[in-house]
Amino acid sequence: MANTPRNRKILLKEVLSDIDSEELKNFIQYYAKKDNGFELALKSHFISRIQVSDQDSKYKRILGEIIKPKSSSNNKIGQTNRKIIGLILTDFTNQMADLLSKENYTEAFYIIKNSLDKIAYAQTQFDLNGKTIEEARLAFISGLEVILRQEIAPAFRATVEGDLLELVFKSYYLPKEKNIISSMNDSNVFTSKDKKKLITSLLDKRDKIEDPTHLVTILLSLAHPFENLIKLVQKEFKALTIYQALVRLINKGKLDIPEYILERESLELDYNKEVIQLLLLDKKKDFKTLTKKLPSITSDTFTPLVIQQIVDGLSEEYLSIEIEKLQLWIAQLSIGHQCKLYAKGKFYNKLVNVLKTQNDIEWLKAYDRFLLDRGKEKEVKELCLHIVQSFMENHLGKQARVFLDKFDARLIMLGEQTMLFEIKEILMENFGHRNTFTIF
């Protein structure tokens with residue numbers, strides 16, 4: 001019996017190969033009338049190739065079709081439109097990348113500016129903060145930074161800077177972690193007059209920006225290096241928020257701002273000044289001085305939050321070099337801080353000793369995977385055995401059974417069945433007679 005040919009899916013390329021361009025155009029026009037999303041996606045995909053009298057406006061017009069002004073009759077964006085917006089913005093990021101690779105900075109800027117404007121509007125007015133939209137926003141800002149670094153014609157640069165300034169002054173533009181204002185400021189675009197106006201504008205928007213520390217990091221970056229502007233920012237916020245912003249700037253590697261403030265008594269940085277100094281020493285790799293100063297940081301003089309920020313702020317590079325000299329200081333910190341510092345400093349034997357003193361499976365769970373990933377199987381096995389033996393010696397019945405079940409589940413989850421079996425064999429000698437103990 002002859003084999004019956006299996007039904008095969010008709011490939012799109014097979015259909016397209018037998019259609020002439022005029023037929024295809026007619027079909028596209030017909031289908032676009034029936035499906036608005038298809039029409040928008042098609043226009044957006046080819047828009048950078050279209051030549052019009054005002055190249056800038058074509059992006060504004062197409063984006064205006066997908067993100068319309070908010071009103072009583074248009075107060076939310078449905079799931080279908082969200083998907084269309086995401087697809088079009090992703091397409092625009094690809095077109096931007098292509099234009100930048102060809103050094104067509106003018107057309108790329110038109111895409112970037114209009115897209116960032118509409119994204120800001122949609123995120124503020126419609127809470128359109130999905131992953132695809134945010135990824136597009138970050139891509140456009142990266143593209144903008146490429147343009148700002150170029151030696152472009154003075155007239156075009158003036159247009160870029162003027163258009164962006166106009167955008168960031170809009171009421172709905174709320175700067176996120178990576179934002180237009182910071183990118184422009186890092187490129188030394190702003191005059192002192194621009195900076196003051198921007199600070200005033202951002203202060204007017206402060207109630208709409210959820211994270212005050214983030215806002216202050218932007219404000220201090222703008223204010224630097226003008227004492228009067230820094231004082232203006234200090235006047236508007238609590239000392240704690242200023243301090244937290246300075247810590248964040250240090251962690252970002254922007255050391256010139258906190259250093260500038262520390263050097264000027266008139267700026268009155270008194271709140272946790274010592275902590276700022278310590279974190280700066282770390283970033284500047286002045287490890288010897290830092291090691292001399294750290295012992296002065298104790299729970300008697302600083303709050304737990306401050307100590308946590310110091311512990312979190314100390315770099316792995318510093319700790320790996322100086323950890324042995326810090327043991328007396330570390331010993332007076334909380335167990336959590338001790339473990340974190342020994343882990344960051346790669347002082348694994350000391351970390352194991354601290355965990356052993358706690359004799360607690362929950363503390364072990366916080367670092368068992370960390371130690372296993374660094375080849376410390378023997379140490380983890382010894383810790384497990386120590387903790388289980390100690391618990392079994394002091395508990396009977398249901399408590400012991402529940403603990404053993406939890407212990408078994410943890411090692412199985414870690415993929416350490418062999419280690420579990422070896423530990424159970426050792427435990428059999430002392431606890432094998434109990435009903436609550438089983439090797440599996």
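Okay, residues lined up against (1) more than 27 Å from Asp207 (Cα to Cα); (2) surrounded by 14 or more Cβ atoms within 10 Å (Cβ to Cβ); (3) not hydrophobic (A, V, I, L, M, F, W, C):
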position: Phe109; (1), (2), (3): yes, yes, no
position: Lys131; (1), (2), (3): no, no, yes
position: Ser142; (1), (2), (3): yes, yes, yes
position: Ala158; (1), (2), (3): yes, no, no
position: Leu164; (1), (2), (3): no, yes, no
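Ile242 falls short of the stated requirement of being touching a residue at least 40 places away in the same chain (Cβ under 8 Å), under 26 Å from the mean Cα position of the chain (by Cα) and over 21 Å from Leu333 (Cα atoms). Restricted to the stretch 235-274, and to residues there that are under 22 Å from Ile297 (Cβ atoms) and among the aromatic types (Phe, Trp, Tyr), the residue that is surrounded by the most Cβ atoms within 10 Å (Cβ to Cβ) is Tyr243. Among the helices (runs of 4 or more DSSP H) confined to the stretch 325-440, the ones with at least 2 residues that are touching a residue at least 12 places away in the same chain (Cβ under 8 Å) and of a type in the set (Asp, Glu) are located at 377-394, 417-431. Checking Phe156, Phe226 one by one, the residue that is within 23 Å of Asp56 (Cβ to Cβ) and out of contact with any strand residue (DSSP E or B) (no Cβ under 6 Å at 6 or more places or on another chain) is Phe156 and no other. Entry remark, the stretch 252-296: residues being within 22 Å of Leu333 (Cα to Cα) and part of a helix (DSSP H, G or I) number 20 in total.
Here the stretch 302-360 is the region considered, the condition is being exposed (fewer than 13 other Cβ atoms within 10 Å of the Cβ) and over 26 Å from His386 (Cβ atoms), and the residue that is nearest to the chain's Cα centre (by Cα) is Glu316.
All conditions but one from (1) closer than 27 Å to Ile84 by Cα; (2) at pLDDT 95 or above apply to Lys131; the one that does not is (2).
The values are calculated or read from the model by the stated rules, or taken from the named source; none is laboratory data. Worth saying up front: this structure is predicted, and the values here are computed from it rather than measured. Every residue, glycine as well, gets a Cβ built from its backbone with ideal geometry; the counts of neighbours run over all protein chains shown.
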